[in-house]
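First the structure, in the form of structure tokens, and then the observations on it.
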Amino acid sequence: MKIIVLIKQVPETSNVKMDQATGTMIREGVESIINPLDLYAIEIGIQLKEKHGGTLTAVTMGPPKSEKALREAVAMGCDDGIMLSDKAFAGSDTWATSYVLAEAIKQKIPGYDLILCGERATDGDTGQVGPGVATFLDLPVATYVSKIYDIQEKQAKVNRLVEGGYEVLAVPFPALLTVVKEISFPRLPTLRGKRKARTMQVPSLGTAEIALDKAKLGLKGSPTRVVKIFTPKVTRECRKYVIKDNEDIEKAADALIEYLAEKQVI
Ligand SMILES: Cc1cc2nc3c(=O)[nH]c(=O)nc-3n(C[C@H](O)[C@H](O)[C@H](O)COP(=O)(O)OP(=O)(O)OC[C@H]3O[C@@H](n4cnc5c(N)ncnc54)[C@H](O)[C@@H]3O)c2cc1C
């Protein structure tokens, strides 16, 4: 099987800060890690490769420092890593990010069976990039996958988490799957993997290497805009009733019903 895993480098969650003026995330000077939910996609990719043979390539789009995420993925067990980095990509929204990832895969890593993604990134948190890439590549997509099994040459069965249970889908290859935590337990990097990761070459591809429509890149090419960022105000306004006897209970119950009716809850 030829498998691609898409990984994103994110700031450690507690450090997420936003630039109020531009509406974008401030990433400079912040400790970065592989999106924790992508570790599950890497792990299941390694397990599939161990069981069925083939290759596992990690791909990330980000600033030059995201190379570190690719080395970490190789230390865990990916065969190689490809970085997509170019000033022209800066400010891309999920649509522009998906476009670049899809074009890079189409032009540079053809003949794949499976593309694996995390369920969502812990910073942007939209869960849109996986389905976005699948749409650009015209691939079947299954989101929230918790199990991959019955793998044959041209298809696999997957369990997809839904409210109150899971759906069973037969997915024809090539396909894109976004996976949830339940699918695997990420392994630690091995010593051999770390050695390989330290010395490997990480190709960095940009607009010079991938044929891209420049009008679809970066902030200018992004159809969405962050118009305003604010912390929602949580008010604790309430009506308080002190209950000393049965009569108070009745009064409090009547008041509660009246309040819920007033708010059109009942
Ligand atoms: C108007 C606008 C401007 C923006 N400007 C910037 C900016 O200047 N700088 C900036 O860093 N971000 C910027 N962003 C955020 C950026 O678009 C998102 O971080 C990115 O598209 C991924 O979206 P997400 O974090 O919601 O990922 P999700 O869709 O939640 O991620 C789901 C999965 O997709 C894969 N994935 C996601 N992103 C990548 C990636 N980059 N490479 C490989 N795989 C990936 C991973 O497997 C991940 O688990 C901007 C967003 C908007 C809307």
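The values are calculated or read from the model by the stated rules, or taken from the named source; none is laboratory data. Predicted model, so just to flag it, every value in this text is computed and none were measured. A quick note on method: Cβ atoms are made from the backbone with ideal geometry, for glycine too, and the neighbour counts reach across all protein chains shown. Only protein heavy atoms, including side chains, enter the accessible area calculation; ligands, DNA and RNA are left aside. Shrake-Rupley method; radii C 1.70, N 1.55, O 1.52, S 1.80 Å.
Being within 14 Å of the ligand (Cβ to nearest atom) and either open to solvent by 20 Å² or more (accessible area, probe 1.4 Å) or modelled with pLDDT of 95 or more (or both) is a condition met by no residue of the stretch 146-166. Taken as a whole, the condition of being within 26 Å of P223 (Cα to Cα), open to solvent by 10 Å² or more (accessible area, probe 1.4 Å) and within 11 Å of the ligand (Cβ to nearest atom) does not apply to Q107.
Do you know which residues across the stretch 61-104 are assigned to a helix (DSSP H, G or I), in contact (Cβ under 8 Å) with a residue 40 or more places away in the chain, polar (S, T, N, Q) and open to solvent by 10 Å² or more (accessible area, probe 1.4 Å)? Listed by number, the list holds a single entry, T94. Restricting attention to the stretch 110-126, the residues being closer than 12 Å to D38 by Cα, near the ligand (Cβ under 6 Å from one of its atoms) and either open to solvent by 30 Å² or more (accessible area, probe 1.4 Å) or part of a loop (DSSP other than H, G, I, E, B) (or both) number 2. Going by what's in this entry, would Y259 be described as out of contact with any Asp or Glu (no Cβ under 8 Å at 6 or more places or on another chain), of a type in the set (F, W, Y) and not assigned by TED's automatic domain parsing to the domain that holds M18? The answer is yes for Y259. Which residues, taken from the stretch 41-60, are near the ligand (Cβ under 9 Å from one of its atoms) and assigned to a helix (DSSP H, G or I)? Within the stretch 41-60, just A41 meets the criteria. Taking first residues from the stretch 127-138 that are in contact (Cβ under 8 Å) with a residue 60 or more places away in the chain and partners that are within 7 Å of the ligand (Cβ to nearest atom) and basic (K, R), the Cβ contacts under 8 Å between residues at least 6 apart in sequence or on separate chains come to V129/K8.
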